[in-house]
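**Q** Okay, here's the structure, questions in a sec.
The values are calculated or read from the model by the stated rules, or taken from the named source; none is laboratory data. Please read these numbers as outputs of a predicted model, since none were measured by experiment. All Cβ positions, even for glycine, are placed from backbone atoms using ideal geometry, and neighbour counts span all protein chains on display. The accessibility values were calculated without ligands, DNA or RNA, using every heavy atom of the protein model including side chains. Shrake-Rupley method; radii C 1.70, N 1.55, O 1.52, S 1.80 Å.
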Amino acid sequence: MRASATMLGQGGEVMRKTYSAPYFEHFRDEWHLSPALDAGEFVFFSGITGCRADGSVAENPEAQFRDAFRFLGETLEAAKLGFEDVVEMTTYHVGLRQHLDAFVKVKDEFVKPPYPAWSAIGITELITEGTLAEIRVICRRRGGA
């Protein structure tokens, strides 16, 4: 688990932390992003695809979606959160209607009731060639920050 803190505001009164799954720490430097940005009560997660740490992507849609949810789970864990803390999920899909049943099947292995708010959006392509879905979530820390 890796966390880094950034002081913001005058006098250092606001502190934001970033988190990254252990095997995906290199994404932070390569893509110049925060995999997870802790803003106190809410933690915002960058979009996560089924791209593996070595850059490979499963050809089978169901396997790829499972890789994405595992990657998301590891990033949630790095921030000391779980799928039960997700309050909003937005997913972006190449071939939305073609792969939706497989995506929902895999999603339901990880995301349990009460379900978060969810929007699924069809798109033409994602940043990593061959990826079919990107998952972006917002979590709320139980009991606040």
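**Q** Output the number of the condition that GLU74 fails; it satisfies all remaining conditions of (1) within 28 Å of LYS17 (Cβ to Cβ); (2) assigned to a loop (DSSP other than H, G, I, E, B).
**A** (2)
**Q** So how many residues does segment 47-60 have that are surrounded by fewer than 22 Cβ atoms within 10 Å (Cβ to Cβ) and not in a loop (DSSP other than H, G, I, E, B)?
**A** 1
**Q** Scanning for something outside any helix (DSSP H, G or I) and over 23 Å from ARG141 (Cα atoms), does segment 31-41 turn up at least one residue? Write out each step before concluding.
**A** Going residue by residue through segment 31-41, those that are outside any helix (DSSP H, G or I) are 32-41.
Retained after the next criterion (residues that are over 23 Å from ARG141 (Cα atoms)): 32.
Looking for residues that are outside any helix (DSSP H, G or I) and over 23 Å from ARG141 (Cα atoms), one finds at least one in segment 31-41, hence yes.
**Q** Every residue in segment 92-145 that is in a loop (DSSP other than H, G, I, E, B), open to solvent by 40 Å² or more (accessible area, probe 1.4 Å), in contact (Cβ under 8 Å) with a residue 60 or more places away in the chain and under 19 Å from THR49 (Cβ atoms), please.
**A** ILE127, GLU129, GLY130
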